[in-house]
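To start, the structure itself, in structure tokens.
The values are calculated or read from the model by the stated rules, or taken from the named source; none is laboratory data. Every value quoted in this text rests on a predicted model; they were computed, and no experiment measured them. Here the Cβ positions follow ideal geometry from the backbone for every residue, glycine too, while neighbour counts run over all protein chains shown.
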Amino acid sequence: MLNPIYIVGFVDGEGCFCVAVNKHGKNRLEVRLIFEIELREDDIEILQKIKKVFNCGKIYRLDYKRYQKWRPHVKYKVSNFLDISTKIIPFFKKHPLQAKKKLQFRKFCLVAEIMQTKQHLSIGGIERIKKIIHKDSLDALDAHVQWGAIETN
């Protein structure tokens, strides 16, 4: 079994706490919480161990065919709200993140609280969530590769 401190450090560097607000149908917006870690495929073993600790989620194989120099990747992903609210959030509240991901996690938890009380089903709740996820951050840029970034040696 992995040490929780190791998992926290690993997620601080490689993890993502994502809040997605997407159109669902013609007029309805849907809010989803996603916890994920993406690595090169040759690191799949560590994702399998992390998945075992959380006892939820799935591991997906990703192949970026349009980026010929990229090796295949694997992604550990948890998007089930019950698993997020009963396993992922309590773990990171008990074992706090130490780097910049703690801000991302705080927002993630605020949105989870809104969802727990079903406020995300109203327009006012959606607007509140949008303000939380956009306040003081570049969430997508913090969590993922910045396309167009200049490579340095």
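Could you please let me know if K23 is buried (at least 17 other Cβ atoms within 10 Å of the Cβ) and among the basic types (K, R)? The answer is no for K23.
For the criterion of being of a type in the set (D, E, K, R), within 13 Å of the chain's Cα centre (by Cα) and modelled with pLDDT under 95, K101 passes. Taking first residues from the stretch 88-101 that are of a type in the set (D, E, K, R) and partners that are part of a loop (DSSP other than H, G, I, E, B), no Cβ contact under 9 Å between residues at least 6 apart in sequence or on separate chains turns up. Tallying residues that are more than 20 Å from K135 (Cβ to Cβ) and part of a helix (DSSP H, G or I) within the stretch 93-103 yields 2. When H24 is tested against (1) more than 29 Å from G124 (Cα to Cα); (2) touching an Asp or Glu at 6+ places or on another chain (Cβ under 8 Å), exactly one condition is not met: (1). Every condition in (1) out of contact with any Lys or Arg (no Cβ under 9 Å at 6 or more places or on another chain); (2) among the aliphatic types (A, V, I, L, M); (3) in contact (Cβ under 8 Å) with a residue 60 or more places away in the chain holds for L29 except the one numbered (1). Residues in the stretch 88-129 that are of a type in the set (A, V, I, L, M) and under 11 Å from V31 (Cα atoms): V111, A112, I114, M115, L121, I126, I129.
Could you tell me how many of the residues in the stretch 1-37 are in a strand (DSSP E or B) and closer than 18 Å to F108 by Cα?
Of the residues in that region, 17 qualify.
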